[in-house]
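Presented below is the structure to which this report refers.
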Amino acid sequence: MTTHPKVILKSGKDASLLRFHPWVFSGAIKKIIGTVEEGQLVEVYDNKDQFLGIGHYQKGTIAVRILSFTPVEPDKRFYADKIERAWKIRKDLGLADSESTTMYRLVHGEGDGLPGLIADVYGHTLVLQMHSVGMYLIRRLLAEAFKEVLGNRISAIYDKSESTLPYLFSLKEKDGFMEGTSDECISLESGNKFLVDIPGGQKTGFFLDQRENRQLAGKLARGKNVLNLFGYTGGFSVYALKGGANLVHTVDSSRQAVDLANKNMELNFGKDPRHTGIVADAFEYLGSAGNKYDLIILDPPAFAKHNEVLHNALQGYKRLNAKAFSVIKPGGILFTFSCSQVVSRDAFRKTVFTAAAISKRQVRVLYQLSQPPDHPVNIYHPEGEYLKGLVLVVE
Ligand code: SAH
């Protein structure tokens with residue numbers, strides 16, 4: 001192993017690393033031996049000079065993201081091995097090389113042992129999204145490692161890190177193709193067609209994490225009047241109509257998202273009067289929606305990105321869910337989600353409970369939902385579990 005700057009932890013601050021938690025917080029550091037640049041590899045040691053791990057250094061609260069707890073030099077082979085393991089799991093799950101699903105998450109950061117790196121597959125295009133400077137600086141090496149594993153399965157690699165890198169660092173970086181180009185824009189999910197806008201869309205272009213929950217919504221949609229609130233490009237709406245919904249209303253505050261939702265519905269069903277896309281604020285829409293819906297999907301953006309705003313976020317979820325409880329038809333089904341990582345499963349459930357109590361409706365839990373297995377959670381890094389959902393029947 002080449003020598004790298006050494007990060008020495010304060011006494012007692014090695015416990016989380018000994019339990020394989022992959023983050024070193026800046027407050028745990030006693031000193032750094034050598035000069036360290038942002039994004040550089042550093043070796044982490046305890047107070048008694050015992051090696052704990054090697055990882056990428058970054059300014060900020062999370063100072064080091066650990067890549068390995070054993071002494072290794074992370075080279076192309078190291079990354080290709082991790083990518084290969086991630087790919088094999090997706091293959092076993094029936095996602096990689098599937099004919100009916102051509103978009104999925106191939107690398108989910110800490111969940112695949114690669115903190116700071118997201119890699120999503122859309123047909124023959126790989127989208128890389130780097131959340132750490134360390135991963136960003138080695139993006140060419142990573143691209144080579146992905147090509148080694150995926151071979152001719154991919155013909156283009158797009159870097160979409162501008163909005164996910166630390167602010168000051170990201171100012172000088174631009175999104176764009178690193179390899180090849182692609183004008184491919186239709187991807188398949190469980191046999192459904194979706195137009196995906198990789199450069200302009202949210203996340204890497206599509207909310208891949210709702211695939212299994214959409215399937216469930218489709219199963220429950222037969223004969224129902226469906227309201228898909230925060231519908232983005234109509235993911236849930238397509239499954240609902242496929243599942244035999246009576247009508248589907250997709251509501252989003254973004255005109256661009258609603259346009260794409262309309263196009264996605266048309267792509268799958270042709271011009272179909274059962275669907276309407278509506279540009280509106282979800283809170284306002286619920287206020288004047290009346291009591292016509294018997295399946296409502298609430299999938300808002302993360303209301304809390306930091307712990308400091310957790311209280312406000314919970315208030316937001318409470319208000320939103322209380323409104324939905326107050327308008328849903330008796331016997332209706334509510335899908336309600338939170339994708340805020342700082343909102344725990346328990347806190348979310350309590351908030352929805354409070355909202356139910358405000359509405360004085362009888363509510364039962366049918367399903368407790370989570371993120372799908374191509375967004376795996378490292379058991380030593382519970383922060384990786386971010387998507388929570390409840391399916392409720394409301395009398
Ligand atoms: N359910 C979607 C993903 C939702 S992402 C899917 O399965 O693909 C959250 C969406 O909420 C975004 O499209 C964003 O434009 C929209 N949004 C944010 N604030 C909103 C508001 N106040 N009212 C309506 N939509 C809103």
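Laboratory data are not the source of any read-out in this text; all were calculated from the coordinates shown. Small disclaimer: the values here were computed from a predicted structure and weren't measured. No Cβ is skipped: glycine too gets one built from the backbone with ideal geometry, and neighbour counts run over all protein chains shown.
Spread over its residues, the convex hull of the C-alpha atoms of region 76-188 is 94 Å³ per residue.
The rule of thumb for compact globular proteins, 2.2 N^0.38 Å, goes into the C-alpha radius of gyration of region 6-68 0.95 times. Sequentially through region 39-54, phi angles give Karplus couplings (6.51, -1.76, 1.60; θ = phi - 60°) of x, 6, 6, 9, 9, 10, 10, 7, 5, 10, 6, 8, 5, 10, x, 10 Hz, Gly and Pro residues having no value and appearing as x. For region 207-394, a Kirkwood radius taken over Cα pairs fed into Stokes-Einstein (25 °C, viscosity 0.890 mPa s) yields D = 148 µm²/s. Neighbour counts of C-beta atoms inside 10 Å place MET178, MET130 in the sequence MET178, MET130, starting with the fewest. Taking amide H as placed 1.01 Å from N in the peptide plane, the amide H of ILE278 sits under 5 Å from that of THR250, VAL251, ASP252, each at least 5 places away or on another chain.
Provide ILE54, ILE328, ILE29 in ascending order of the number of other Cβ atoms located within 10 Å of each residue's Cβ, fewest first.
Lowest count first: ILE29, ILE54, ILE328.
Scanning residues 5 or more positions from TYR367 or on other chains, those with amide H under 5 Å from its amide H are VAL391, with H placed 1.01 Å from N in the peptide plane.
Each Cα pair under 8 Å and six or more residues apart adds its sequence gap; the mean of these over the residue count of the chain is a relative contact order of 11 percent.
Within a 10 angstrom radius of the beta carbon, how do VAL393, VAL343, VAL133 rank from fewest other beta carbons to most?
VAL393, VAL343, VAL133
Think of the chain as a dipole: +1 on every Lys or Arg Cβ, -1 on every Asp or Glu Cβ, centred on the Cα centre; then among SER359, PHE69, THR204, SER359 lies furthest on the positive end. Normalised by the number of residues in region 207-394, the average gap of Cα pairs under 8 Å and 6 or more apart makes the relative contact order 19 percent.
Over the residues of the chain, the helix contribution to mean residue ellipticity at 222 nm works out to -8500 deg cm²/dmol, using -39500 (n - 2.57) for each DSSP H run of at least 4.
A Cβ-based charge dipole, computed about the Cα centre of the chain with Lys and Arg at +1 and Asp and Glu at -1, lands at about 1280 debye.
Here the Debye sum runs over all C-alpha atoms of the chain as equal scatterers in vacuum, and log10 of I(q)/I(0) at q = 0.10 Å⁻¹ comes out as -0.71.
By how many nm would the segment from ARG140 to ASP175 grow when fully extended, if each residue of separation counts as 0.36 nm and the alpha-carbon distance is taken off? The ARG140-ASP175 span can extend by a further 11.2 nm.
Computed over region 282-350, relative contact order equals 48 percent, with contacts defined as Cα pairs under 8 Å that lie 6+ residues apart. When DSSP assigns beta bridges and you keep just the ones with both residues in the chain, what percent turn out antiparallel, to the nearest 5? If we restrict to bridges inside the chain, about 65 percent are antiparallel.
For LEU67, the residues whose amide H sits under 5 Å from its own are ILE54, GLY55, HIS56, ignoring neighbours fewer than 5 places away on the same chain, with H placed 1.01 Å from N. Considering only beta bridges that DSSP places wholly inside region 207-394, some 40 percent are antiparallel.
Each Lys and Arg Cβ is given +1 and each Asp and Glu Cβ -1; about its Cα centre, region 1-59 then shows a dipole of about 240 debye.
A straight line joining the Cα centroids of region 324-363 and region 111-187 runs 36 Å.
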